[in-house]
Amino acid sequence: MSWKAKRFWQAATAVPCDGGFAVALDGRLVKTPAHTLLAVPTQALAEVIAAEWDAQQGQIRPEAMPATRAANSALDKVAPQFAAVADMLAEYGGSDLLCYRADGPAALVARQAAAWDPLLDWAAAHYGARLTVTAGVVHVAQPAEALAALRAAVHRCTPFELAALHDLVAISGSLILGLAVTEARLTAEEAFALSRIDEHWQNEQWGVDDEAAALEAIKHQALRDAARFYELCR
């Protein structure tokens, strides 16, 4: 049986530190798994992380601490290789979910167009990034200037914002949806629904699979957590 950490502190608190705010457990500052001080940019985020630690009873459950995990990722994984992570996320623009449409039936084609076209129009107006739409799954090359504009938007993030954007994009399968949440063009609920149009169409035709529904609920909560983390770190 592997060893698991257990609660050893009485109280977790948010405290000021150089460059932001940290979390202290009975006065001892929390560090990341890579032994970096867990310092975050806002007091609000530090308070949420402290509340996650205070909520732990008995064995520590990292899966119940989404803000802590995201902050650890920002400090240990994103910050040391920011350009590589940003470039990886920007590549989603080259195969964005919103650009690949069904070629039938007509009702699904219409549903995708009604839901996704306004977001592509927004990206064109907001970022100067007009993406090309195609039917089917065969890759279509996107305009270089559009991809460059989206890449610039991603690179404008801070490491903490990029950690949140990573999850928003990876869960939705769309750089445009992820950016729309960060720009308050969409709520997390709206973005998730827009990312699941194909799956929900299939559910309407064939019924809901319980295992798939459970996985969807997990992804839905993870996207909510990412959107909340983005707001808290700004």
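The values are calculated or read from the model by the stated rules, or taken from the named source; none is laboratory data. Just so we're clear, the structure is a prediction, and the values are computed from it rather than from any experiment. Positions of Cβ are generated from backbone atoms using ideal geometry, with glycine treated the same way; all protein chains shown enter the neighbour counts. What goes into the accessible areas is simple: the full protein's heavy atoms, side chains included, and nothing from ligands, DNA or RNA. Shrake-Rupley method; radii C 1.70, N 1.55, O 1.52, S 1.80 Å.
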Where D96 falls short, out of the listed (1) open to solvent by 50 Å² or more (accessible area, probe 1.4 Å); (2) touching a Ser or Thr at 6+ places or on another chain (Cβ under 7 Å) = (1)
Scanning for something open to solvent by 40 Å² or more (accessible area, probe 1.4 Å) and more than 26 Å from E161 (Cα to Cα), does the stretch 33-49 turn up at least one residue?
-> no
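Taking the stretch 81-93 as the region of interest, how many residues are in contact with a helix residue (DSSP H, G or I) (Cβ under 9 Å, 6 or more places away or on another chain) and surrounded by fewer than 19 Cβ atoms within 10 Å (Cβ to Cβ)? Step through it out loud before you land on a result.
Narrowing the stretch 81-93 to residues in contact with a helix residue (DSSP H, G or I) (Cβ under 9 Å, 6 or more places away or on another chain): 82-83, 85-93.
Adding the requirement that they be surrounded by fewer than 19 Cβ atoms within 10 Å (Cβ to Cβ) leaves 82-83, 87-88, 91.
Residues flagged as in contact with a helix residue (DSSP H, G or I) (Cβ under 9 Å, 6 or more places away or on another chain) and surrounded by fewer than 19 Cβ atoms within 10 Å (Cβ to Cβ) within the stretch 81-93 amount to 5.
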Of the residues in the stretch 212-223, those that are out of contact with any Asp or Glu (no Cβ under 8 Å at 6 or more places or on another chain) and under 20 Å from A180 (Cβ atoms) come to K219, H220, Q221
When E190 is evaluated against the numbered criteria (1) free of Cβ contacts under 8 Å to residues at least 12 places away in the same chain; (2) over 28 Å from P41 (Cα atoms); (3) acidic (D, E), which criterion, by number, is the only one it fails?
-> (2)
Report yes if A180 is without any contact (Cβ under 8 Å) to a residue 24 or more places away in the chain, closer than 30 Å to A39 by Cβ and not basic (K, R), otherwise no.
-> no
Taking T158 and the conditions (1) in contact (Cβ under 8 Å) with a residue 60 or more places away in the chain; (2) surrounded by fewer than 15 Cβ atoms within 10 Å (Cβ to Cβ); (3) not basic (K, R), which numbered condition does it fall short on, given that it satisfies the others?
-> (2)
Among the residues of the stretch 199-211, is any open to solvent by 30 Å² or more (accessible area, probe 1.4 Å), assigned to a helix (DSSP H, G or I) and closer than 23 Å to Q43 by Cα?
-> no
Determine whether Q43 is touching a residue at least 40 places away in the same chain (Cβ under 8 Å), out of contact with any Ser or Thr (no Cβ under 7 Å at 6 or more places or on another chain) and not acidic (D, E).
-> no
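Looking at the stretch 217-232 only, could you name the residues that are in contact with a helix residue (DSSP H, G or I) (Cβ under 7 Å, 6 or more places away or on another chain) and either buried (at least 22 other Cβ atoms within 10 Å of the Cβ) or not basic (K, R) (or both)?
Here is the first cut: in the stretch 217-232, the ones in contact with a helix residue (DSSP H, G or I) (Cβ under 7 Å, 6 or more places away or on another chain) are 219-220, 222-227, 229-230, 232.
Scanning the stretch 217-232 gives H220, A222, L223, D225, A226, A227, F229, Y230, L232.
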Among the candidates A149, A113, single out the residue that is more than 24 Å from Q202 (Cα to Cα), free of Cβ contacts under 8 Å to residues at least 24 places away in the same chain and of a type in the set (A, V, I, L, M).
-> A149
